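This report concerns only the one structure given below.
Every read-out reported here was derived from the displayed coordinates using simple, explicitly stated rules and does not represent laboratory data. If you're wondering where the values come from, they're calculated on a predicted model, not measured in any experiment. With ideal geometry, Cβ positions are generated from the backbone for all residues, glycine too; neighbour counts draw on all protein chains shown.
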Amino acid sequence: MSQRPIEMIFAGPKRHWVGNGFHVSNYFPRGARLFERFSPFILLDYNMPYDFAPATSPRGIGAHPHRGFETVTFAFEGAVEHHDNQGNHGIIYPGDVQWMTAGSGILHKEYHEKKFSSQGGTFHMIQLWVNLPAKDKMTTPGYQALEASDMGLFELPEDSGKVHVVAGNFKDVKGPANTFSPINIYRVEMKEGAELTLDEPATFNTGLLVIEGDFEINGQTVKEHDFVLFENVPGEISLRALSEKTQCMVFSGEDLKEPIAAGGPFVMNTREELQQANEDFHMGKFGSLDF
Ligand code: MN
């Protein structure tokens, strides 16, 4: 089978702070204008490994609203704590994923977990925003706590690597996440020299973020923290690990092909819906900020 061509490879832009706890590089949409191009994925903030000193009160971001999409948080090092006004509370550790459906409206707080915060250490995570189809934007808010042991597991021959399936399928191994549109998300770990082939539908927008080490992807060298976007052309994606220890995230999903109207913490389809979201929030319709 032919190879699926690489459309572009890019590094993340200069990092910025989200609250005082998340030091992130915004790979898209800001970094490479992948807003509509990478639907249903609309934002990727990558907190590369960053060393935090011990703190007396946990760093993070206080109560804020979302509507119209899902926030998906992946922890690699450190621990992230979440509270929302629907009564959900969770802590994620390395390998865990927190999948929050904002739907019609939610208020949440995102912080470093207390013990991690008091001890300090390396913090390493991703927040991905997944758009909701127009028909589901006002769905009831939801929360999925996905632990590392819940993920689908595909093992490479001779203990040379693992594919942890978060959402969708990889070679008949299913991931635990419930999604509103067809999505495949995998966390891949490979040892030096290991090889893996991905076969994503050409109708899916497919990209890959290198978390650790270097890879050869379809014959091209891709460095740690690079993002690779593939053309929507049928073909295989061939990965080969070039470093002793490697890790990458694969994001692949069917294009929603709907207009996007985004402003701050809301992602809707029209300017009117965006204005309505702002009004509803300021009218207190999302609930009290005190929870
Ligand atoms: Mn948030």
*Alpha-carbon Debye profile of segment 6-254, log10 I(q)/I(0) at 0.07, 0.12, 0.15, 0.18 Å⁻¹*: -0.22, -0.67, -1.08, -1.57
_Local net charge near G161, Cβ-Cβ under 13 Å (Lys/Arg +1, Asp/Glu -1)_ = -3
_Estimated dipole of segment 181-289 in Debye, rounded to 20 [Cβ of Lys and Arg +1, of Asp and Glu -1, Cα centre]_ = 260
*Does segment 85-175 come out rounded, prolate or oblate by the C-alpha gyration tensor, with a ≥ b ≥ c the root eigenvalues, rounded set by a/c under 1.5 and, if not, prolate when a/b is larger than b/c and oblate if not?*
oblate
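Starting from the eigenvalues of the Cα gyration tensor, five times each then square-rooted, give me the equivalent ellipsoid semi-axes of segment 160-261, largest first, whole Å.
Sorted largest first and rounded, they come to 23, 15, 12 Å.
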*To the nearest 0.05, how large is the calculated FRET efficiency for T122 and E272 if R₀ is 45 Å and r is the Cβ-Cβ distance?*
0.55
*For the Cα atoms of the chain, what angle does the longest principal axis make with the long axis of helix 271-282, in degrees from 0 to 90, nearest 10?*
50
_Whole-Å distance, taken between Cα centres, linking segment 268-291 and segment 164-243_ = 36
*Expressed as a whole number of Å, what is the distance separating the alpha-carbon centroids of segment 104-139 and segment 1-74?*
11
_Cα lying deepest toward the dipole's positive end in the chain, options A63, S39, F28, charges on Cβ_ = A63
_Could you identify which residue out of Y50, Y111, Y27 has the top mean-square fluctuation in a GNM of the chain using Cα springs shorter than 10 Å?_
Y50
*Lysine pair count for segment 6-254 [Cα-Cα under 18 Å; pairs on different chains or 8 or more apart]*: 8
*Size of charge dipole - segment 29-134 - debye, nearest 20, with Cβ of Lys, Arg +1 and Asp, Glu -1, no other charges*: 240
*Putting +1 on Lys and Arg Cβ atoms and -1 on Asp and Glu Cβ atoms, find which of V165, A145, G193 reaches farthest to the positive end of the dipole of the chain.*
A145
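Charges at C-beta only: +1 for Lys and Arg, -1 for Asp and Glu. How large is the resulting dipole of segment 1-53 about its Cα centre, in Debye rounded to 20?
Magnitude of the dipole: close to 140 debye.
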*Positive dipole terminus of the chain, leading residue within M100, F180, T206 (C-beta point charges)*: M100
*Quick one: net charge of G213's neighbours, Cβ under 10 Å, K/R +1, D/E -1?*
-3
